[in-house]
Amino acid sequence: MQFAEQALVARELVPGLDQPASVSPWVDAEVLAAQLKKSGWFSYFQQLQAAQLGVAGYWWLANPNLQQALSAQGGVLTSWLPGLSIDLAEIGRGRLVLQHRLPWLTVFSGALVWHLVRQALGEGAKLAGFAVPNIGQAAEGLLGTYSEEVALVESGAPAKLRFDPELLQRPFVTQNAKLLPLFANTLSFLRPGGESGLASQIYALLEAIENLEHANQSWVAAELAMSERTLTRQLSDQGLSFRELLTAFRNSQAVTRLCEGESIDRLAAYLGFSERAAFERAFKSWQGVTPAKFQAQYRRLSKDIDVEMLIAPERLPILPAIATQLLAMVQSDEASLEKMAELVEQDPVLTAKLISIASSAYYGMKKNASIKAVVVRVFGVDKLRYLALAILAAGSFKLQPCPAFSFERFWLLSLGVAQLATGIYRKLGKSAEDQADIYLAGLLHNIGRLVLVQCFPDKMQNLLAPLAISVPPQELLAMEKLKLGVDACEAGAVLLAKWQLPRSVSVVMRQLAVDKVAMMPEAQLLLLSEEFILALLASGGDEASSSQEDLATAQASDHQASTPELVAEFSGVLAAALDTPASVIEPLLVDFAHRLPELKLTARVIQSAS
């Protein structure tokens, strides 16, 4: 097969190609043609996002404008459709000429280029005309998406796109000057046949192994049936060294896999680093930023996909009737003690669950307490109705098997974030209304992950299974976005809109995925609270506590080695985010860390009663 007979494709959008034997984004053109004939071009282009084309797609989006993107012919020609020629002679007049020796790939290239133009420039970019070698294929490939705006003409072999010349200099809304050089350099390692000779053979060997831990010069020489001295000499003759090639390969693999949503811990192991910190230092020396920062920047380059294309509202659960009535109480301010108790007691399962939570070690009520006593002595009216609402909301999901997802962990983080954030608000003298709002936001901040598990159980299993328990929240959101096209914050916001929950909660929820520098204080509080809990768990506080004896042991140890350092660290970060002295925050974190084993038992109570 010649490289000219390959095409770059978003594998997950083409049935039959979505479970590749290799990670290469290039596929045989004949295979692609057969699959597109079955599934339809319209479906492919309707869903296609630049992110799904990997580094090549993001290279396009990072360009400052269409003029520069089209002028960089090397990236376009060799990274999308090897063998495609682009004639820019009339580009100043708004005419782009494309040609491939396979006529259908000529049409495909035109559809692809203009689809990505639309993503980079926004909906205002109009295509005036499209002259094509095959009008039928063009109608399927392009007009299925943009039929209302394109004048289609059948012509000879080349494809000609006509557009307003003003679009050439219009800034891409996705431009990123810092990442553009990185993507351009990385493309040279990713394109098929991008390197030749000995270097190409070495890259092929490195790509074929499970991880790079033992990928040294001695191993490569043995695989190539030559001595190390001969390998060194031949590389030197080409102005290369094995160390340089290995570093370049690691660099390109790191960039590619981060862009594909790979976890940083797993990537560090694949690249042969002994620990995550060593990989982070190496990556920062290569790219000038940490892997987490790079992945977050990369994620934000892509124009958001319409979430409802991925998660249709009809696939989401319906909020139970009692939850709707609880919500009505919230909105009408009618939540008296008597009305609340009367409503909750209509659901014996909910009543039993709330009393069990109140009777857990964390809250300490007697087990024979009434729901009114629970309201008065433990939660208060506002917190109880929000906790009941969260329990009913989570219970409405009918999840498919996803062993890597832990409902107990879900509840631990939901309760923990809500409890810690509310305690900090109380200490800061916030109003009762503000405390209730942050409590609800904390309880529901992760509910979008239930949506993802329900809608994408297999993909979420593959995503979650290899992850460390304490993966940072924003890293997980970035991986979800890059792997699924939607993250838990976006999915949760769609769910809350369907359920007509307070908009303020979904606003805070969406903020959890943005850069911390631009994040609103409420979202920073929730995010930092979750990061603190995860840090405690990672430091040794994640052992199971299944009894009061285990609980006593866990509290006695109090994780002396690491807890004080974590408390000091997060006290400072939270104090800066909330503009308050660290001395105000520190006692709350100390108490929370000491009582975390109790909260874990409470999370288990909720899960076991489900």
statement: Its Cα gyration tensor gives the stretch 561-609 an equivalent ellipsoid whose semi-axes in whole Å, largest first, are 26, 12, 8
- prompt: When only C-alpha pairs under 8 Å and at least 6 residues apart count, what is the relative contact order of the stretch 198-304, in percent?
  reply: 24 percent
- prompt: Based on the alpha carbon coordinates of the stretch 313-529, what radius of gyration and maximum Cα-Cα distance (Dmax) apply, in Å?
  reply: 17.1, 49
- prompt: Taking θ as phi - 60°, what are the ³J(HN,Hα) couplings along the stretch 226-232 by the Karplus curve (6.51, -1.76, 1.60), each to the nearest whole Hz, with x for Gly and Pro?
  reply: 9, 7, 4, 4, 5, 4, 4
field: Spread of Cα-to-Cα distances over 10 Å intervals beginning at zero, given as percent, for the stretch 246-296
entry: 28, 68, 4
message: Starting from 0.36 nm per residue, how many nanometres of slack lie between residue 314 and residue 338 once their C-alpha separation is accounted for?
response: 5.1 nm
query: Across the stretch 36-43, in residue order, what do the Karplus-derived ³J(HN,Hα) couplings come to in whole Hz, using 6.51 cos²θ - 1.76 cosθ + 1.60 with θ = phi - 60° and x for Gly and Pro?
result: 5, 5, 6, 8, x, 5, 4, 4
query: Hey, with R₀ at 60 Å, roughly what FRET efficiency would residue 101 and residue 406 work out to, going by the Cβ-Cβ distance, to 0.05?
result: 0.70
statement: A correct Stokes-Einstein calculation for the stretch 198-304, using the alpha-carbon Kirkwood radius, 37 °C and 0.692 mPa s, returns a whole-number D in µm² s⁻¹ of 221 µm²/s
task: Pull out the extension gain between residue 398 and residue 230, defined as 0.36 nm times the separation in residues minus the alpha carbon to alpha carbon distance; nm, one decimal.
output: 54.3 nm
- prompt: So how far apart, in nm, are the two label points at residue 520 and residue 89 if each is 7 Å from Cα heading toward Cβ?
  reply: 5.6 nm
query: Leaving out ligands, DNA and RNA but keeping every protein chain, what accessible area does residue 450 have, in Å² rounded to the nearest 10, with a 1.4 Å probe?
result: 0 Å²
- prompt: So, with a 1.4 angstrom probe, what is the percent of accessible area on the stretch 198-304 that is carbon and sulfur?
  reply: 44 percent
statement: For the stretch 478-518 the translational diffusion coefficient, Stokes-Einstein from a Kirkwood Rh over Cα pairs at 37 °C and viscosity 0.692 mPa s, in µm²/s, is roughly 308 µm²/s
task: With a ≥ b ≥ c taken as the square roots of the eigenvalues of the C-alpha gyration tensor of the stretch 318-407, please select rounded if a/c is under 1.5 and otherwise prolate if a/b is larger than b/c or oblate if it is not?
output: oblate
message: Just to make sure I understand: if all protein chains stay in place, what is the order of 445, 594 by accessible area at 1.4 Å, largest first?
response: 594, 445
field: Extension reserve of the residue 166-residue 468 stretch, reckoned as 0.36 nm per residue once the Cα distance is removed
entry: 103.8 nm
- prompt: What order, most packed first, do the peptides 286-293, 464-471 have when packing is the mean number of other Cβ atoms within 10 Å of each residue?
  reply: 286-293, 464-471
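The values are calculated or read from the model by the stated rules, or taken from the named source; none is laboratory data. These numbers were taken from a predicted model, which means no experiment stands behind them. When we count neighbours, we look across all protein chains shown, and the Cβ atoms used for this are built from the backbone with ideal geometry, even at glycine. For the accessible areas, the whole protein counts, side chains as well, though only heavy atoms, and no ligand, DNA or RNA atoms are used. Shrake-Rupley method; radii C 1.70, N 1.55, O 1.52, S 1.80 Å.
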